[in-house]
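Data first, discussion second: the structure below is written as structure tokens.
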Amino acid sequence: MAKETAVQLPPPQNLVSSISKKQNPKFTLADGTYYHCPPSLVVHSIVHAIPGRIRYGIPRLRNDPEYAQRLQVLLDADTSTIDVRVKPAAASLAVAYKVSKISDAEMRSLLSHLIQSASEVIVLKPSQSVLKPTDSEQKWPGLPISVVALTLGVLGGPLGFSVPPIIMAGTIAVAALPVALRAWEGIRDERTLNIDFLDFMAIAITTLQGQFLTPSLMLGLIEIGDNIRDRTARSSQLQTLDLLNSLGQFVWVERNGTKVEIPIQDVQRGDTVIVYPGEQVPVDGTILRGKALLDEQKLTGESMPVLKRKGQPVFASTLVREGRIYILAERTGNDTRAGQSIQLMQQAPVHDTRIENYAIKIAQRAVLPTLLLGGAVFAVTRNPSRAASVLTLDFATGIRVSVPTTVLAALTYAARNGILIRSGRALEKLAEVDTVVFDKTGTLTKGEVTVIAVESLNPATSPQRVLELAAAAEQRLTHPVAEAVIRYAEAQNIEIPSRGKWEYQLGLGVQAEIDGQTVYVGSERFVRQNSTVSNSEQDYPTESDRSSAIYVAINGEIQGKIKYSDILREESREVITALLTVEGVEIHMLTGDNKRTASSVATELGIPPSHTHAEAFPEQKATVVRQLHEQGKTVAFVGDGINDSPALAYADVSVSFANGSEIARETADLVLMQNDLHGLLEAIAIARKANELIRQNTGIIAIPNLAAMVIAVLFGLNPLAATLVNNGSTVVAGVNGLRPILK
């Protein structure tokens with residue numbers, strides 16, 4: 001039985017009065033304690049603690065994502081902490097710290113203060129940030145040197161200042177070192193003459209002729225293009241993804257009859273692992289004793305928690321919502337089902353298909369023809385200036401600047417609209433997408449229990465009374481259905497009656513004294529066992545009904561039922577319809593749910609049965625995506641769970657949500673930061689607009705350069721004039737590429 005206690009928590013020091021003064025809130029912690037809390041204070045309790053590690057229950061985390069984020073920021077910024085795990089779904093905070101730096105008592109006091117302080121808006125001053133130089137900041141300072149070279153070229157050229165040629169030539173030589181190095185690496189490693197070789201030849205010829213402004217302009221634009229391209233290219237290596245990184249750092253095990261907490265890496269096969277409410281299961285294994293309600297959504301896609309008992313299997317990364325279980329560890333780390341999903345994802349050809357630079361690929365094709373043409377002009381005219389003009393009038397520089405500029409502008413515009421696109425390659429593929437594969441749970445559906453109807457089964461009891469009784473009995477329980485009932489009752493402005501003595505049976509339901517009557521709220525089996533009146537079978541769910549229900553009985557007589565389901569996202573139908581009709585995209589749906597549920601959802605959304613794939617495990621999801629790709633389709637996959645990560649990795653474009661699993665977010669090329677599928681439609685539109693701009697820019701660069709090339713070959717053209725034509729078209733194309741962010 002739960003206990004009710006009134007406590008007065010001491011206010012933390014230095015809290016300002018900006019926190020809203022609301023009526024005393026009421027909270028319930030994981031152990032069932034019912035708290036009355038003074039205004040502005042965040043209720044929290046220690047679930048368990050050992051030297052160097054402490055775990056709190058904080059109810060506010062579950063319903064206040066902004067508070068959870070602020071708390072994470074504060075704790076990460078504190079130098080006393082080693083590891084911080086904020087888990088909103090479990091209303092749990094786990095912190096590891098060094099006892100050599102701070103005592104247990106001091107740490108508890110500090111954490112209590114930070115938990116309270118996170119109620120306020122956090123503003124970090126620049127002095128509070130510790131900035132580390134990135135790799136790009138430690139690179140060769142090519143752009144500043146090129147600017148110096150260009151300045152000297154302008155001073156010694158058009159402005160007529162007397163600048164010693166040795167200084168200008170030396171500055172150009174230093175600025176050209178990266179270009180020369182890349183040209184040499186292309187010859188040595190790839191056995192090819194690349195665009196850097198072409199650029200270096202033009203720079204060298206014009207510099208030797210004393211035309212310093214021409215090579216300075218070239219170097220400046222090359223560096224600008226390279227810097228922009230670096231910002232739009234995704235890293236060639238993904239972060240090392242390890243299942244253990246997404247779980248807690250410590251695990252409770254029972255050894256020789258004693259409970260000890262050990263690092264998760266030290267768990268061995270055969271260990272007895274103990275998992276408490278709010279914790280993730282760290283291993284695959286079999287329950288030795290106890291029972292628990294497990295949330296397996298991120299692993300299997302099932303939206304409803306599953307009750308598991310002795311002898312049943314459990315899997316790593318699933319969350320214990322209620323209960324406590326002792327597990328015989330059978331597989332650990334990357335040997336678990338979740339770990340194998342990650343390994344399957346890492347085997348996907350992510351690097352081969354995602355890191356190519358689109359601009360370089362196009363420009364590379366122009367290198368050999370330009371070199372041959374320049375050599376032919378020199379052979380016929382014996383004039384190095386005319387040959388240099390031809391080399392200067394290549395398409396490489398313009399494309400190297402304009403394409404990355406367009407991509408950067410598109411990525412910036414997308415980010416402003418809550419869409420994170422991680423690379424230019426992803427943007428390119430997104431514009432070509434003709435097939436979209438959706439995971440169901442948490443992607444097309446909300447991924448959470450929602451009440452959809454309240455029905456009376458007794459003429460003397462109104463639906464409102466059924467809801468009142470259910471809400472009264474279910475209050476302060478952490479079961480997803482109980483939380484959904486409370487949310488629905490509050491949305492309907494129902495006044496929830498007080499509850500007397502009560503008893504909760506895990507996985508079945510709750511018995512409570514309400515208004516002097518014994519009320520039963522729970523599953524069909526629970527209510528049938530405690531009912532003396534036999535109701536019609538039609539009152540219970542049928543196989544064709546996708547929704548589930550809990551039942552309400554008073555003194556053994558069924559009064560009504562509350563139907564609930566994992567309902568569709570509000571925007572799902574609209575987005576699917578737009579993809580099918582406006583974009584002409586083929587739609588598929590994958591889910592780990594059974595065929596009946598999958599077919600019901602597909603029918604609601606207008607997805608044909610042939611494109612609906614039910615009871616799909618991670619490897620099967622990846623297989624479906626791979627098969628579509630092999631059919632010549634450009635595939636986008638949208639998912640948010642660990643079980644979706646292999647399919648995300650094999651897709652041409654992978655899409656996830658900001659609130660998806662950590663691994664899914666890392667795997668995804670595109671993250672919808674507002675957790676709204678409309679972002680996918682907008683991202684496709686942005687990508688197609690960027691492709692259109694790239695085609696426009698190709699014309700802007702090609703037409704004047706081809707015209708100047710004809711003049712240079714037939715009549716001759718000053719290298720400086722050739723540079724102005726080449727660079728002028730590059731600047732115009734670059735400005736045109738910036739149009740998305742100039743709106």
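The values are calculated or read from the model by the stated rules, or taken from the named source; none is laboratory data. Treat the numbers as computed from the prediction; the structure is a model and nothing was measured. No Cβ is skipped: glycine too gets one built from the backbone with ideal geometry, and neighbour counts run over all protein chains shown.
Among the residues of the stretch 179-199, those identified as in contact (Cβ under 8 Å) with a residue 24 or more places away in the chain and touching a Phe, Trp or Tyr at 6+ places or on another chain (Cβ under 9 Å) are Val179, Phe197. Among the residues here, Asp271 qualifies as more than 28 Å from the chain's Cα centre (by Cα), assigned by TED's automatic domain parsing to the domain that holds Leu307 and without any contact (Cβ under 8 Å) to a residue 60 or more places away in the chain. Listed by first and then second residue, the pairs linking a residue in the stretch 691-708 that is among the β-branched types (Val, Ile, Thr) and surrounded by 17 or more Cβ atoms within 10 Å (Cβ to Cβ) to a residue that is outside any helix (DSSP H, G or I) and modelled with pLDDT under 85, with Cβ atoms under 7 Å apart and 6 or more places separating them unless they lie on different chains, are Ile701/Phe395. The set of residues in the stretch 561-577 that are touching a helix residue (DSSP H, G or I) at 6+ places or on another chain (Cβ under 6 Å) and under 11 Å from Ala484 (Cβ atoms) comprises Ile562, Tyr564.
Number of residues in the stretch 709-720 that are buried (at least 24 other Cβ atoms within 10 Å of the Cβ) and either touching a Gly at 6+ places or on another chain (Cβ under 7 Å) or at pLDDT below 80 (or both): the value is 1. Candidates are the residues of the stretch 673-690 that are modelled with pLDDT under 90 and hydrophobic (A, V, I, L, M, F, W, C); the one that is surrounded by the fewest Cβ atoms within 10 Å (Cβ to Cβ) is Met673. Scanning the stretch 467-503 for residues that are among the basic types (Lys, Arg) and either touching a Cys at 6+ places or on another chain (Cβ under 9 Å) or not in a loop (DSSP other than H, G, I, E, B) (or both) turns up just one, Arg487. The residue that is surrounded by the fewest Cβ atoms within 10 Å (Cβ to Cβ), counting only those in the stretch 406-425 that are assigned to a helix (DSSP H, G or I) and modelled with pLDDT of 85 or more, is Tyr413.
Rundown of residues vs (1) among the aromatic types (Phe, Trp, Tyr); (2) modelled with pLDDT under 80; (3) in the same structural domain as Leu738 (by TED's automatic domain parsing), yes/no style:
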site: Arg182; (1), (2), (3): no, no, yes
site: Glu190; (1), (2), (3): no, yes, yes
site: Leu219; (1), (2), (3): no, no, yes
site: Asn227; (1), (2), (3): no, yes, yes
site: Glu254; (1), (2), (3): no, no, no
site: Val260; (1), (2), (3): no, no, no
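Looking across the stretch 61-89 at every residue that is outside any helix (DSSP H, G or I) and of a type in the set (D, E, K, R), the one that is nearest to Pro51 (Cα to Cα) is identified as Asp83.
Residue check: Arg499 meets all listed conditions (1) closer than 25 Å to Thr597 by Cβ; (2) over 28 Å from the mean Cα position of the chain (by Cα); (3) of a type in the set (D, E, K, R) but one, namely (1). Pairing each residue of the stretch 542-564 that is in a loop (DSSP other than H, G, I, E, B) with any residue that is at pLDDT below 65, provided the two are 6+ apart or on different chains, yields C-beta distances under 9 Å for Ser547/Pro541; Asn555/Thr532; Gly556/Thr532; Gly556/Val533.
Within the stretch 427-452, take every residue that is surrounded by fewer than 24 Cβ atoms within 10 Å (Cβ to Cβ) and in a helix (DSSP H, G or I) and give me the one that is farthest from the chain's Cα centre (by Cα). Result: Glu432.
What is the number of the single condition among (1) touching a Leu at 6+ places or on another chain (Cβ under 6 Å); (2) surrounded by fewer than 21 Cβ atoms within 10 Å (Cβ to Cβ) that Phe637 does not meet? Looking at each condition in turn, Phe637 falls short on (2).
Within the stretch 514-535, is there a residue that is crowded, with 18+ Cβ neighbours inside 10 Å, of a type outside the set (Gly, Ala, Ser) and at pLDDT below 50? Within the stretch 514-535, not a single residue is crowded, with 18+ Cβ neighbours inside 10 Å, of a type outside the set (Gly, Ala, Ser) and at pLDDT below 50. Take Asp652 and decide whether it is surrounded by 24 or more Cβ atoms within 10 Å (Cβ to Cβ), of a type in the set (D, E, K, R) and closer than 22 Å to Ser565 by Cα. Judged against the criteria, Asp652 is not a match. Of the helices (runs of 4 or more DSSP H) lying entirely inside the stretch 584-666, those containing at least 3 residues that are touching a residue at least 40 places away in the same chain (Cβ under 8 Å) and among the small types (Gly, Ala, Ser) are 645-650. Hey, any hits in the stretch 721-730 for a residue that's closer than 30 Å to Arg573 by Cβ and either at pLDDT 85 or above or in a helix (DSSP H, G or I) (or both)? No, that holds for no residue. Restricting the stretch 90-111 to residues that are surrounded by fewer than 17 Cβ atoms within 10 Å (Cβ to Cβ) and part of a helix (DSSP H, G or I), the residue that is modelled with the highest pLDDT is Arg108.
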